[in-house]
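Asks: Dropping the structure in here first, questions after.
Computed from the coordinates by the stated procedures, all read-outs in this text should not be read as laboratory data. Not measured: the values here are computed from a predicted model. A quick note on method: Cβ atoms are made from the backbone with ideal geometry, for glycine too, and the neighbour counts reach across all protein chains shown.
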Ligand SMILES: [Zn+2]
């Protein structure tokens with residue numbers, strides 16, 4: 001940490017003391033204490049880490065959840081300077097006794113109070129929720145910025161999302177990473193999970209020197225042609241290899257394909273479809289969409305009716321979907337994802353929309369005869385799916401700021 005007090009409660013902020021001689025003399029002359037737990041802390045001045053304070057006895061302070069790495073300290077310092085340069089009144093490690101929280105950085109702009117948590121290691125969902133909700137209770141907005149060391153990029157448009165990362169998805173449906181080594185933010189918007197291992201994302205770097213807080217917080221929009229190309233390529237690769245290395249979790253779906261004598265590479269093209277609200281469902285798209293397509297609507301006769309409520313209940317009650325915890329986004333998002341999928345199936349002509357909640361089955365699901373046909377069908381399907389993304393391709397489901 002960068003802030004400590006002396007025995008007369010005088011506050012020392014190391015981000016304001018740049019001179020090494022001054023630091024060394026302070027260390028000789030003063031005794032420092034943690035402003036939160038009042039235990040003694042040491043002023044550490046090394047070659048590799050920023051000068052910082054550390055508790056003499058580790059794990060005794062309630063607020064020291066993690067030992068601060070050099071990466072975290074460096075990032076916190078750069079973010080502090082960056083906000084300071086923009087004219088914000090920035091407080092580093094300000095303590096809020098009423099909620100027992102000490103955000104890395106805190107600013108007040110107009111009427112908005114913003115706590116910034118710069119998180120370079122994984123914390124449990126319980127700790128995350130407790131911290132986030134206690135800020136909300138005080139009317140403080142909280143921005144989670146992930147350390148660039150957490151950024152699991154897989155090429156230009158794909159990344160790996162962990163359960164902890166998705167908790168941090170901000171209003172506007174994006175994740176913000178900050179890397180002190182690159183001196184840059186990376187904003188990952190339009191997050192659309194393809195499988196449990198990979199999610200599509202529109203990634204935009206925002207170097208510190210050319211960005212400000214509002215530009216970093218404005219969600220950028222996906223280019224539909226990018227999504228189309230990337231999704232198609234991935235689905236093609238998945239048809240060739242993906243199913244053969246599937247986790248046992250996928251077995252009911254595989255069993256269906258075997259039973260119908262459908263080669264794995266010819267799974268129904270109307271499944272594994274990108275949707276604007278897909279992030280809200282943790283279960284891989286291939287699984288829950290195939291369940292709807294084959295097991296639910298598939299078992300109806302052509303001409304039969306069903307309702308979207310019924311379908312949603314089947315999905316949730318039968319435990320076919322696991323809903324993702326996205327505290328910043330609307331809780332109606334999973335329902336929206338299902339409606340988007342039904343909408344897509346109307347575009348393809350599999351079903352038709354009869355009334356507000358009522359649909360009718362029009363034909364049997366498409367099953368390609370061979371791989372080449374599957375690729376052609378996939379290309380056609382993605383064209384229908386893109387219609388769901390609207391003219392501006394916004395993917396916003398804000399609940400809170
Ligand atoms: Zn302490």
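Asks: Once you keep just the Cα pairs under 8 angstrom separated by 6 or more residues, what percentage relative contact order results for the range 225-389?
Replies: Working: 203 pairs, mean separation 52.5, N = 165.
Relative contact order here is 32 percent.
Asks: Can you give me the Cα centroid spacing of the range 1-53 and the range 126-146 in angstrom?
Replies: 27
Asks: Identify the residues of the range 112-139 with backbone N under 18 Å of a label point that sits 7 angstrom from the Cα of residue 42 along the Cα-to-Cβ direction, or state none.
Replies: none
Asks: Got a sec? How would 110, 7 order by Cβ neighbour count within 10 Å, fewest to most?
Replies: 110, 7
Asks: Under the rule of -39500 (n - 2.57) per DSSP H run of 4 or more residues, summed and divided by the residues of the chain, what mean residue ellipticity at 222 nm is obtained, to the nearest 500 deg cm²/dmol? Intermediate values should be presented prior to the final figure.
Replies: Numbers: 11 runs with 123 residues, N = 401.
So the helix-based figure for the chain works out to -9500 deg cm²/dmol.
Asks: For the Cα atoms of the chain, what angle does the longest principal axis make with the long axis of helix 70-85, in degrees from 0 to 90, nearest 10?
Replies: 80
Asks: Helix 20-29 against the longest principal axis of the chain: what's the angle in degrees, Cα atoms only, rounded to the nearest 10?
Replies: With both axes taken from Cα atoms, the answer is about 60 degrees.
Asks: Using just the C-alpha positions of the range 164-291 as equal point scatterers, what log10 of I(q)/I(0) does the Debye formula give at each q in 0.21 1/Å?
Replies: -1.20
Asks: Roughly what % antiparallel, to the nearest 5, for the DSSP beta bridges in the chain?
Replies: 85
Asks: Under the rule a/c < 1.5 gives rounded, and otherwise a/b versus b/c splits prolate from oblate, where does the range 144-183 land using the Cα gyration tensor?
Replies: Because a/c hits 1.5 or more and a/b fails to exceed b/c, the range 144-183 counts as oblate.
Asks: More than 14 Å apart: what percent of Cα pairs in the range 1-64 qualify?
Replies: Everything past 14 Å amounts to 52 percent.
Asks: Moving on. How high is the relative contact order of the chain, in percent, counting Cα pairs under 8 Å that sit 6 or more residues apart?
Replies: 12
Asks: Return the whole-Å distance between the Cα centroid of the range 367-384 and the Cα centroid of the range 66-90.
Replies: The range 367-384 and the range 66-90 have Cα centres spaced 49 Å from each other.
Asks: Ok, one more. What order do you get for 108, 122 when you list them from fewest to most C-beta neighbours inside 10 Å?
Replies: Ranked by crowding around the Cβ, least crowded first: 108, 122.
Asks: Which semi-axes, in whole Å and largest first, does the equivalent ellipsoid of the range 68-220 have when worked out from the alpha carbon gyration tensor as the square roots of 5 times its eigenvalues? Numbers along the way, then the final one.
Replies: Values: eigenvalues 115, 67, 42 Å².
Semi-axes (√(5λ), whole Å): 24, 18, 14.
Asks: Can you sort 32, 291 so the residue with the fewest Cβ neighbours within 10 Å comes first?
Replies: Placing the least packed residue first, the sequence is 32, 291.
Asks: For a quick check, take a GNM of the chain with Cα springs below 10 Å and name the residue from 323, 45, 294 with the largest mean-square fluctuation.
Replies: With Cα springs under 10 Å in the chain, the top fluctuation among 323, 45, 294 is at 45.
Asks: Let me ask something additional. Give the Cα extents of the chain along the principal axes, in whole Å, largest first.
Replies: Each principal axis gives a Cα extent; for the chain these are 84, 38, 37 Å.
Asks: So which residue, out of 77, 29, 230, gets the largest mean-square fluctuation from a GNM of the chain using Cα contacts under 10 Å as springs?
Replies: Highest fluctuation among the options: 29.
Asks: On a 0 to 90° scale, report how tilted helix 125-137 is relative to the longest principal axis of the chain, with both axes built from alpha carbons and the result rounded to the nearest 10.
Replies: 70
Asks: Still on this structure: Bin width 10 Å, alpha-carbon pairs only: give the P(r) of the range 225-389 as whole percents, running from 0 to the bin holding the largest distance.
Replies: 10, 40, 39, 10, 0
Asks: Relative contact order for the range 1-64 using alpha-carbon pairs under 8 Å, separation at least 6, rounded to a whole percent?
Replies: 31
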